[in-house]
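One structure below.
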Amino acid sequence: ALCPQWPYCSKRCSYCNFNTYVVPAVSEAAVRRSLVREAQTLLRLSQVHSITSVFFGGGTPSLASPGTVAAVLEAVAGTARLPAGAEVTLEANPSSASASRLAGFRAAGVNRVSIGVQVRGALPAAVPAAPRGPDVTSLHPQSLDDAELRMLGREHTVAEARKAVEAARGLFPGRTSIDLLFGLPGQSRDAWAQRLEAALWLCDDHISLYQLTLERGTALAARVREGALPVPCQDLLADMYQSARTVLLAAGFRHYEVSNFARKGALSTHNLSYWQGDQYIGVGPGAHGRFVVRAEGGCGREARVQTLEPVAWMREVQSQGHGTRSRTVLSHLEQLEEVLALGLRTDEGVTHERWRHFSPHLSLQAVFGAPGKARALQQQGWLVLDSGGLRCTWAGLAVLDSLLPDLLCQLQWV
């Protein structure tokens, strides 16, 4: 998988602590050259022969021109194989997702869009072209309530969000995803139910749910800390999540990952690559990656982070071909910890086959079937270990964060 990052936004949202930049002017030609060159360099270093998915994130990648997207995809196809069916996703905000603009991205090779109707989440950092196949788009309206949108610092209105989603569904039928945020300051259970019902009328076949995190240093967190906005209690947050799961299941959605729901087989191939422990290459300011640097004789997977600040990143790319700021070879234990923590986020869990790929001499049964905390969690109904592998139950998936410390501890002691 390849993850190009466009770091710029036209405005910083009140809840956002991502690596994003609001600047008076952007030299798109310079950014494009750097994205292309870094993609080529890192693909050659990895010696990856085929790319299964490309995800344009940010920032607000829909602020880039279709020409930049096309240039990156052409570079990928010229350096490694980009199959006709490869999933190519673009994150988009309603304020930069007009029908004509989305049509331009489709012509450039985008075939999946993600739109944030409420708030979107980040990719797992620790661990987070001409039409080539089924079209998929991702849009980010962030909320379906104008007052909530203003509180979140969004630029668009509900009407503009609806228009963007409808345009995307027309261009990418069956391949448009929307993101929803719950747990906003002052949000009630009834208000959340109304937002969810509105989203079901609007959505296509993929929905992502994210609980708002009040990040230190953000404007929204400051207002809450000062007492200007109330915070929902933990019980209410749990009720919001559980009610959404039930409603979406009744609407025909499969809860295939902690935060993601799909019907009619519209699962995100790209995000599954993270959760299933596949290699991925991050390109652009602040991008994260996990891959083996085979061109340098490497045999261990590296965790890589690109330089955060765009101008400094571009200087490094132009001077050395890439802007990698840090690279760490992951130990065997660290790789297994990531496989476990990310794999258990899915309804499939960690299969025996996937575990053997990272741990050929120590089976899932040997680690988590022996007497200890993992077996206790199975007996309590939170986990299942059977011929399919290790996975959470329906109840366990909702409280995964509370299960992981015991599982990771047991893994470390084997």
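Worth pointing out:
- All positions within the stretch 203-214 that are modelled with pLDDT of 90 or more and either in contact with a helix residue (DSSP H, G or I) (Cβ under 7 Å, 6 or more places away or on another chain) or not assigned by TED's automatic domain parsing to the domain that holds residue 260 (or both): 204, 207, 209, 211
- Test: residue in the stretch 209-222 that is within 19 Å of residue 90 (Cβ to Cβ) and out of contact with any Phe, Trp or Tyr (no Cβ under 7 Å at 6 or more places or on another chain): yes
- The number of residues in the stretch 92-135 that are among the charged types (D, E, K, R), at pLDDT below 50 and surrounded by 24 or more Cβ atoms within 10 Å (Cβ to Cβ) comes to 1.
- Set side by side, the residues 159, 228 differ, and just one is aliphatic (A, V, I, L, M), more than 23 Å from residue 56 (Cα to Cα) and modelled with pLDDT under 90, which is 159.
- Exactly one residue out of 215, 166, 197 is part of a loop (DSSP other than H, G, I, E, B) and among the acidic types (Asp, Glu), and it is 215.
- Here is the figure for the stretch 286-345: residues that are over 27 Å from residue 414 (Cα atoms) and among the β-branched types (Val, Ile, Thr) total 6.
- Every condition in (1) assigned by TED's automatic domain parsing to the domain that holds residue 31; (2) surrounded by fewer than 18 Cβ atoms within 10 Å (Cβ to Cβ); (3) at pLDDT 95 or above holds for residue 279 except the one numbered (1).
- Residue within the stretch 244-255 that is part of a strand (DSSP E or B) and in the same structural domain as residue 189 (by TED's automatic domain parsing) present: yes
- For the stretch 5-34, filtered to residues that are outside any loop (DSSP other than H, G, I, E, B) and of a type in the set (D, E, K, R), the residue that is surrounded by the most Cβ atoms within 10 Å (Cβ to Cβ) is 32.
- Filtered residues of the stretch 390-405 (kept if charged (D, E, K, R) and either assigned to a loop (DSSP other than H, G, I, E, B) or buried (at least 16 other Cβ atoms within 10 Å of the Cβ) (or both)): 391
- The C-beta contact set for the stretch 252-275 (first residue of a type in the set (D, E, K, R), second residue part of a loop (DSSP other than H, G, I, E, B), distance under 6 angstrom, 6+ apart or interchain) comprises 257/345; 263/205; 263/252; 263/253; 264/205.
- For the stretch 195-227, residues that are small (Gly, Ala, Ser), in contact with a Ser or Thr (Cβ under 8 Å, 6 or more places away or on another chain) and crowded, with 18+ Cβ neighbours inside 10 Å total 1.
- Considering the conditions (1) touching a Pro at 6+ places or on another chain (Cβ under 7 Å); (2) in a loop (DSSP other than H, G, I, E, B), residue 224 is excluded by exactly one of them, (2).
- Residue satisfying all of: in the stretch 58-92; part of a loop (DSSP other than H, G, I, E, B) and hydroxyl-bearing (Ser, Thr, Tyr); farthest from residue 106 (Cα to Cα) among these: 60
- Screening the stretch 271-389 for strands (runs of 3 or more DSSP E) wholly inside it with 1 or more residues that are of a type in the set (A, V, I, L, M) and under 22 Å from residue 21 (Cβ atoms) returns the ranges 281-283, 301-306.
- Subset of the stretch 340-384 (residues that are at positive phi and touching a strand residue (DSSP E or B) at 6+ places or on another chain (Cβ under 8 Å)): 349
- One residue stands out among those in the stretch 73-91 that are of a type in the set (Gly, Ala, Ser) and within 29 Å of residue 180 (Cβ to Cβ): the one that is surrounded by the fewest Cβ atoms within 10 Å (Cβ to Cβ), which is 85.
- Taken together, the criteria exclude residue 165 from residues that are among the β-branched types (Val, Ile, Thr), over 17 Å from residue 240 (Cβ atoms) and over 23 Å from the mean Cα position of the chain (by Cα).
- Every residue from the stretch 175-194 that is outside any loop (DSSP other than H, G, I, E, B) and buried (at least 19 other Cβ atoms within 10 Å of the Cβ): 176, 177, 178, 179, 180, 181, 182, 192
The values are calculated or read from the model by the stated rules, or taken from the named source; none is laboratory data. Note that this is a predicted model, so its numbers are computed, not measured. Virtual Cβ from ideal backbone geometry, glycine too; neighbours counted across all protein chains shown.
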